1. Scan (1) in a helix (DSSP H, G or I); (2) more than 26 Å from residue 207 (Cβ to Cβ); (3) touching a strand residue (DSSP E or B) at 6+ places or on another chain (Cβ under 6 Å) for the single condition residue 124 breaks and write down its number.
2. Quick check on my filter: what residues within region 93-118 are in a helix (DSSP H, G or I) and either in contact with a helix residue (DSSP H, G or I) (Cβ under 6 Å, 6 or more places away or on another chain) or within 15 Å of residue 67 (Cβ to Cβ) (or both)?
3. Please find, within region 239-253, the residue that is nearest to the chain's Cα centre (by Cα) out of those that are surrounded by 15 or more Cβ atoms within 10 Å (Cβ to Cβ) and under 18 Å from residue 267 (Cβ atoms).
4. Those residues that are surrounded by 16 or more Cβ atoms within 10 Å (Cβ to Cβ) and either more than 17 Å from residue 142 (Cβ to Cβ) or without any contact (Cβ under 8 Å) to a residue 12 or more places away in the chain (or both), I need them from region 193-211; list them, please.
5. Taking into account only those residues within region 44-69 that are buried (at least 21 other Cβ atoms within 10 Å of the Cβ) and more than 15 Å from the chain's Cα centre (by Cα), which is farthest from residue 230 (Cα to Cα)?
6. Sort through 83, 26, 12, 77 and tell me the only one that's at pLDDT below 95 and either out of contact with any strand residue (DSSP E or B) (no Cβ under 8 Å at 6 or more places or on another chain) or in a loop (DSSP other than H, G, I, E, B) (or both).
7. Somewhere in region 99-121, is a residue farther than 30 Å from residue 221 by Cβ and either surrounded by fewer than 17 Cβ atoms within 10 Å (Cβ to Cβ) or without any contact (Cβ under 8 Å) to a residue 12 or more places away in the chain (or both)?
8. Looking at this structure, is residue 39 at pLDDT 95 or above, out of contact with any helix residue (DSSP H, G or I) (no Cβ under 6 Å at 6 or more places or on another chain), buried (at least 21 other Cβ atoms within 10 Å of the Cβ) and under 26 Å from residue 116 (Cα atoms)?
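The values are calculated or read from the model by the stated rules, or taken from the named source; none is laboratory data. This is a predicted model, so every value here is computed, not measured. Cβ atoms come from the backbone with ideal geometry, glycine included; neighbour counts cover every protein chain shown.
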């Protein structure tokens, strides 16, 4: 169904329909937002040690570097996927808000808000959930899959809530439709005042973070909505997803995005 949507809207090249003026303007805006959020325009060098400080368009395409200035590290393909799924949810009237759990500098959540702005939607929120202090230290007694993980030591992943809010404001997208949930997922997600979700995007890396997000929020995703897993290539994250899907009897097919991220549509 989603592939058919992409073709029908011209996001896949097999469509013969010509977009209207407003559709073209919307597409240009969201396309420019994507380029800005991953910074494929000014080509900022990566801050990580494995890419040796050199911008590489192919690496940025699939999100395999940590940009020094860009507001997102998820790359072009995952950002485009997020945009398309949010647009699909709006055009097909899938009820609910959008949320990202684990936001870094806020880029993916900013794209969610940009989609709402592009479609002039005022009755949905974007939820921005993060500790805003990096990842939690692993708890191997409770979550053996996380044993030995050192991601919590990477201070580059600790971005304050003030910086994320400032990044939203840079795009004129910080308003009452953006709701922040500050704290560890185990402490914030279960009690968050979220009624329904159309898009749930997880970017927590660890088994614990992934499982906490799915346990607290999966049941709030509307039929026809989407689950996006950013870190499915990581054994910790993949194990949590497989364990949760198995325990809940979830059989919807998992679709690959770029070799790292995946998604599935709920209730198909």
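1. Only one criterion in (1) in a helix (DSSP H, G or I); (2) more than 26 Å from residue 207 (Cβ to Cβ); (3) touching a strand residue (DSSP E or B) at 6+ places or on another chain (Cβ under 6 Å) is unmet by residue 124, namely (1).
2. Result: 107, 108, 110, 111, 112, 114, 115, 118.
3. Per the criteria, the residue is 241.
4. Scanning region 193-211 gives 194, 197, 198, 199, 200, 201, 202, 203.
5. 46
6. Working: 83 fails: at pLDDT below 95; 26 fails: at pLDDT below 95; 77 fails: at pLDDT below 95.
Exactly one residue qualifies, and that residue is 12.
7. Within region 99-121, none of the residues are farther than 30 Å from residue 221 by Cβ and either surrounded by fewer than 17 Cβ atoms within 10 Å (Cβ to Cβ) or without any contact (Cβ under 8 Å) to a residue 12 or more places away in the chain (or both).
8. No.
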